[in-house]
Amino acid sequence: MTGSTRLPFWLLLAACVATAALILLLTPSERTIGQVIKIVYLHGALSRAGMIGFIAAGATGAAYLVSRNPALERWSWALLLSGWGFWTAHFLVSMPATRLTWGPWIAWGEPRVTMTLQIIAAGLVMILVSVLVRDPRVTALAGIGIGLVTLVMAGRTGVIRHPLDPIGSSPSATLRLVYLLLLVPLIAAMFLIAGRLAARSRT
């Protein structure tokens, strides 16, 4: 690829990152946890972006099995990779938030933490199987698998201390609006990276 074809991707990705950073910078502190709310926002938005990536990987994988359109298989693979990256990033970002609010770096007894690590492991297995087998049907099934695992586990896993939807259930309309604004550039970045990976997988 030439530098001219790379430029729009990097510019768009940089714009997404800059927009997310600006939103976090302007985010007001929360009454109970103060500025830590910014880390919580980022943690939650990365989680949502990763989950959307996994579900989209499953949807495009299923569409490939029906249509046999190679572009759908490439997108399923790319969304699996991008979704896994954002999902893993959300766990890493959660560590300082957990440390600052609860004390430990990782709340091992919290079901949502266990679920997060299980999905990270499941996604890694799907990625490795796809790389080793190198069959479009297996890649599509891997996308379907991680999409189903994410949906089932997210729906069945309860909480102990971790609020199920701390921002969505917040009485502050401002905090909810800021979170929604933060979701836009991060989800866009996830799809941008997936699109880049899908395009590169054609070569």
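A few comments on the model shown:
- Matching option when the condition is at pLDDT 95 or above, of a type outside the set (Asp, Glu) and more than 25 Å from Ala154 (Cα to Cα), among Ser82, Ser29, Ser67, Ser76: Ser67
- So Ile193, is it touching a helix residue (DSSP H, G or I) at 6+ places or on another chain (Cβ under 7 Å) and at pLDDT below 95: no
- Any hit, segment 44-59, residues being more than 22 Å from Ala198 (Cα to Cα), of a type in the set (A, V, I, L, M) and either in contact (Cβ under 8 Å) with a residue 12 or more places away in the chain or touching a Lys or Arg at 6+ places or on another chain (Cβ under 8 Å) (or both): yes
- Filter result for the condition that a residue is surrounded by fewer than 19 Cβ atoms within 10 Å (Cβ to Cβ) and out of contact with any strand residue (DSSP E or B) (no Cβ under 7 Å at 6 or more places or on another chain), over Thr139, Thr150, Thr114, Thr60: Thr114
- The single condition among (1) at pLDDT 90 or above; (2) under 18 Å from the mean Cα position of the chain (by Cα) that Leu132 does not satisfy is (2).
- A single member of Arg137, Arg156 is on the phi < 0 side of the Ramachandran plot and modelled with pLDDT under 95, and it is Arg156.
- The residues on offer are Ala78, Ala18, Ala14, and the sole one that is part of a helix (DSSP H, G or I) and within 30 Å of Leu141 (Cβ to Cβ) is Ala78.
- Selection status of Pro70, touching a residue at least 24 places away in the same chain (Cβ under 8 Å) and surrounded by fewer than 16 Cβ atoms within 10 Å (Cβ to Cβ): yes
The values are calculated or read from the model by the stated rules, or taken from the named source; none is laboratory data. Quick caveat, the model's predicted, so the values are computed rather than measured. A quick note on method: Cβ atoms are made from the backbone with ideal geometry, for glycine too, and the neighbour counts reach across all protein chains shown.
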